[in-house]
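Have a look at the structure below, then the notes.
The values are calculated or read from the model by the stated rules, or taken from the named source; none is laboratory data. Remember, predicted model here, so these are calculated numbers, not experimental data. All Cβ positions, glycine included, derive from the backbone under ideal geometry; neighbour counts span all protein chains shown.
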Amino acid sequence: MNKFDPQLIRGIYPALILKLLKGNAALYGYEIEKKIRVLSQSGLTITEGSLYPILHKLEEKGFIKSKIRQVKNRDRKYYSITKRGMAEYDTKEAEILSIYDSVVRFLGT
Amino acid sequence: MLTKPQINQVRKLLIDSGVSYTPLLDELTDHTCEQVEELMAQGFSFSAALDRALDNKKKDSFHRTNKSLFQQLRYRTMIKSHIKLGIRALAKYRMTSVINLVGLVTGISASLIIGNYIYHETSFDQFHEASSSTFRLTIQQQRQDGSVRRSAFSGAPWGPHITHELPEARDVVRLMKYRLPVSVKSNAFDKQFYESDLIWADSSFFALFSFDLLKGNPATVLAAPNNVVISESAAARYFGNEDPIGKELIYETDVVLTVTGVVEDLPVNSHLQADLIGSFSTLGTSFWFNIIDNWNVLYYYTYLHIREDANVLATQSQIQSILEPYINENIQIKLQPVTKIHTSGNLENELSANTNISTLVTAAVVGLAILLLSIINYINLSNARALKRVKEVGVVKVLGSTKPLVFMQFMVESAILATGSFLVSLMLVMYILPQVRAFLEMPLILPPYQIILLTGVVLIALITISSGLYTSVQMADVSIYSALRGREFKNPSGKRFSLRKGLITFQFMAGLGLIASTLTISNQVNFLITSDTGFEKDGVIEIPLYVEDQQKLELLKSKLVEMPEVKFTALSSHRMSGDQLYRSLYISHSDSAVMGRLHVDFDFLNTFQIPLLAGRSFSKEFTTDTASFIINEGAVPLLGFKSAEDAVQSKLSYRAQNENGSYLKSGPIVGIVRDFNFESLHDKIGPMVMDIQPARNHFLNVKFNENQSPQIVIRQIESQWAALFPDVPFNFHLVNDRYQNQYNTELQLERIILVFTFLSLLIAMLGIFGLTYFDTAIRAKEIGLRKVLGASTGEILRIFLRDYFLLIAIGSILVLPSTMWVVGKWLESFAYHVDITFWNMTLPLLIVATVVVLTTSFIIVRAANRDAVDSLGYE
């Protein structure tokens, strides 16, 4: 599958991350990056340079929380979604779908 | 799975590519390791996998991410991690942290309490809506001896005339209050009370002052004669739970007052205090028939509300010219802002005791000095501790920390301690506030929470910046190489001049200055209490009189004198401590002067053992003595006499007012007494005249045998009193106690300065303890070497103490002359005072030196006794 223009999809990454965390107990950075790539059939790729600032921002806003565990001789940070994060995801999901509808309608005219 | 060295290699590469923010570094390390492991699983070698996973493009992007994270997260997450690091550092250096905390808490708490005191004192009368445009009329009167009398009194006709003539005047309120308690009786419960807070006020009282009237119409409650508004607590006292409106109170014996309103108890920060407010129009209609219209009977308080845009000085001179045709020519009118009354010191005849600006400024200076002392401790100790932490900084920098990060780490650490100290101080102050209130004998109202919050922010910022900045900048500047080699940081105490030495000297200066002040103040207070005032205070009790039956009073006196324990009894118009005399113009054959007037009776001189210089005392043997005078030494030259003997049998006369208008009294001077001072040692003994006027006596003074127990004598006097005046409560004071009470302000000042001296010494002690602790640790090698080379413990102790003694000497040269000047100025406010002695200035040196020796010797001796092998071993 073709890769999308990163500029176009930058805004939806936080929602995608929240969606992933909603369906999983806890994930670490590399796992999130990999899941986004696999689930979008390589259509959506997120670089480490974008992923971690988004994760930190979501954590700062209280939508996700983290826990550090020792795995394979190194610190690994697992992220999980909070209640506020779930509510945020619902809002974002409705927002994205509504934008999608509007865009489709607009392009179809 | 990667090995530890391989993981470290990944981490090192990431640091080299510019990733310095630890949480990001940890995550990227894990991320890259995962990628490398995946590639290795596909058959790549570790180094090939690492090259692929971390190519140059990625390195660039990581560097950018690191940078953008700093901006994006606005340092918040970093601050969180710094807070964690800060708390860890504070816990690690527990000893310094505790010393810092105790020092800062002491300093902040003391400054908070002083801040509260200043807030309380400056909040007086600010709550009136028209406070900025309300003024009190005060007078300045030039006396014949050149001194100026400043009084809060004005005349009754002044106010209404001013409102009539002055376009700027909006409203006026006149008040009158007797200097002695008055009797008030409620018919409902047949209860009699002696009220010291009854004032008479114009009907505009509630329009001009913002007191909350709970019952009654503010415009009319004081409109008619014989109306009275009572406070909530007076209402409860007189009428219990019943509605007081419409009820009657009997003032003195026959004036019936009707309750027309109830006012909420007046706020404690009001200079006006009243439990009963009677309508001013009662004066002149129920009593005081002929005085109220007299322009020159100054016994009232006049408050004027002027237009907001009026020029105060211009209005003042307008008032002067409006009143000039009616008042005595030597009277100057002044307008005193109502909000400044409490902080302008005491004029004569004040309604309540005031403070003055210099007291508040002194309090502010002391508060800031104590705060500064504790901050100085903090700077010194953090700085000393930094010597130990320099290696830690080196290691942090090796691990990728940058200059701003190190700076931030130390600032956050400082902020944590400052915030913690402020919160602990706030809790401590709230906890000890009741004790502080009792100690200061003041209600101390609390500022609103916004002010407390703002104070907190300012204090925390001040402490963080002033104490954290120096160390933070110093630490951030440390280069990795020299930090790890320990080369850059030399012990600053070794330098001839250093900031640390300067700061310690400042602490010594504060201690020396405060101790020197305490010594002089306590000398003066002691002098005030014990000095010879020219009359005998011991063994005399003073009984305030609320009775008018002269015959019964005479009977009581004769019964008391019959008691073997009682030596003399005497009536007087004034109490013999802190009272202010009446003033009248006395005319002799050759001169005239305004002088103090005291009414007494026959045994007055005996009761107080006042020595005669010439002539004789009043005596019942001379029936004409009710028209005679006794004057004091000071009055002799003012009345134009050459000597005391010259004055005897000369004629004297004066004019005064009573309820029936003005009257003239004249007669011979029969005696001249030595000057005696019962007004205050703040003022010089003034000229005064005594005569006999039974109706004017308000106190009965009883001199008893000093060998007797006062309690027993008082009980016997009380039973005599109760037999003759069963309805009138017996009240008394020991004259000596009351005399000492008038110096309460000075006693309070002495106690406060003593507390702050102790606190400043405590803070300085903590600081010096901490510094010596660090010094001995840092100079362990030097101590070891000196011991190896044959130095004894005593010699090492001397080397350390020599430095401190030098600083104490420098501090004393800098601070003692200015302290002498300030304390000298304070002493000058007393007409009679002690001198500053040699010991007042040398004793502080000894005390500070002793404190230093006691604080530091233990640590130095312990360090000196340590085995030199331990301290030199690591070399």
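Here is how the numbers come out for the structure above:
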| read-out | value |
| --- | --- |
| Whichever residue in the range B:825-840 is in a helix (DSSP H, G or I) and modelled with pLDDT of 85 or more and, among such residues, is surrounded by the most Cβ atoms within 10 Å (Cβ to Cβ) | B:840 |
| Filtered residues of the range B:281-304 (kept if in contact with a Lys or Arg (Cβ under 6 Å, 6 or more places away or on another chain) and modelled with pLDDT under 95) | B:300 |
| Options B:28, B:24, B:73, B:69: the member that is modelled with pLDDT of 90 or more and either closer than 22 Å to residue A:61 by Cβ or in contact with a Leu (Cβ under 9 Å, 6 or more places away or on another chain) (or both) | B:28 |
| All helices (runs of 4 or more DSSP H) inside the range A:26-109 with 1 or more residues being within 9 Å of another protein chain (Cβ to nearest Cβ) and among the hydroxyl-bearing types (Ser, Thr, Tyr) | A:29-39, A:48-60 |
| Flag for residue B:305 being in contact with a Ser or Thr (Cβ under 7 Å, 6 or more places away or on another chain), part of a loop (DSSP other than H, G, I, E, B) and either of a type outside the set (D, E, K, R) or without any contact (Cβ under 8 Å) to a residue 24 or more places away in the chain (or both) | no |
| Any hit, the range B:218-227, residues being touching an Asp or Glu at 6+ places or on another chain (Cβ under 8 Å) and either of a type in the set (Phe, Trp, Tyr) or surrounded by 16 or more Cβ atoms within 10 Å (Cβ to Cβ) (or both) | yes |
| Pick from the range A:41-100, criterion out of contact with any Lys or Arg (no Cβ under 9 Å at 6 or more places or on another chain) and among the aromatic types (Phe, Trp, Tyr), ranking: surrounded by the most Cβ atoms within 10 Å (Cβ to Cβ) | A:52 |
| Some residue of the range B:232-245 being of a type in the set (Phe, Trp, Tyr), buried (at least 17 other Cβ atoms within 10 Å of the Cβ) and at negative phi | yes |
| Within the range B:1-21, tally of residues that are free of Cβ contacts under 8 Å to residues at least 60 places away in the same chain and assigned to a helix (DSSP H, G or I) | 12 |
| Failed item in (1) at the interface with chain A (Cβ under 9 Å from one of its Cβ atoms); (2) surrounded by 15 or more Cβ atoms within 10 Å (Cβ to Cβ); (3) aliphatic (A, V, I, L, M), with residue B:39 passing the rest | (1) |
| Test for residue B:715: is it modelled with pLDDT of 80 or more, of a type in the set (Lys, Arg) and more than 30 Å from residue B:804 (Cβ to Cβ) | yes |
| Condition broken by residue B:55, with the remaining ones in (1) at the interface with chain A (Cβ under 10 Å from one of its Cβ atoms); (2) surrounded by fewer than 19 Cβ atoms within 10 Å (Cβ to Cβ); (3) acidic (Asp, Glu) satisfied | (1) |
| Meets criteria (out of contact with any Asp or Glu (no Cβ under 8 Å at 6 or more places or on another chain), more than 30 Å from residue B:455 (Cβ to Cβ) and within 11 Å of chain A (Cβ to nearest Cβ)) for residue B:25 | yes |
| Hits in the range B:533-565 (condition: farther than 20 Å from residue B:704 by Cα and in a loop (DSSP other than H, G, I, E, B)) | B:546, B:547, B:548, B:549 |
| Verdict on residue B:725 being surrounded by 16 or more Cβ atoms within 10 Å (Cβ to Cβ), in the same structural domain as residue B:561 (by TED's automatic domain parsing) and more than 30 Å from residue B:527 (Cβ to Cβ) | yes |
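Results for (1) at pLDDT below 85; (2) out of contact with any strand residue (DSSP E or B) (no Cβ under 7 Å at 6 or more places or on another chain), shown as yes or no for each residue.
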site	(1), (2)
B:691	no, no
B:699	no, no
B:705	no, no
B:724	no, yes
B:731	yes, no
B:735	no, no
B:740	yes, yes
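Let's see how each residue does on (1) polar (S, T, N, Q); (2) surrounded by 13 or more Cβ atoms within 10 Å (Cβ to Cβ); (3) within 60 Å of the chain's Cα centre (by Cα); (4) within 14 Å of chain A (Cβ to nearest Cβ):
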position: B:6; (1), (2), (3), (4): yes, yes, no, yes
position: B:15; (1), (2), (3), (4): no, yes, yes, no
position: B:19; (1), (2), (3), (4): no, yes, yes, yes
position: B:35; (1), (2), (3), (4): yes, yes, no, yes
position: B:66; (1), (2), (3), (4): yes, yes, yes, yes
position: B:69; (1), (2), (3), (4): no, yes, yes, yes
position: B:81; (1), (2), (3), (4): yes, yes, yes, yes
position: B:84; (1), (2), (3), (4): no, no, yes, yes
position: B:88; (1), (2), (3), (4): no, no, yes, no
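Rundown of residues vs (1) in a strand (DSSP E or B); (2) within 20 Å of residue B:125 (Cα to Cα), yes/no style:
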{"position": "B:161", "(1), (2)": "no, no"}
{"position": "B:174", "(1), (2)": "yes, yes"}
{"position": "B:179", "(1), (2)": "no, no"}
{"position": "B:185", "(1), (2)": "yes, no"}
{"position": "B:203", "(1), (2)": "no, yes"}
{"position": "B:210", "(1), (2)": "no, yes"}
{"position": "B:228", "(1), (2)": "yes, no"}
{"position": "B:238", "(1), (2)": "no, no"}
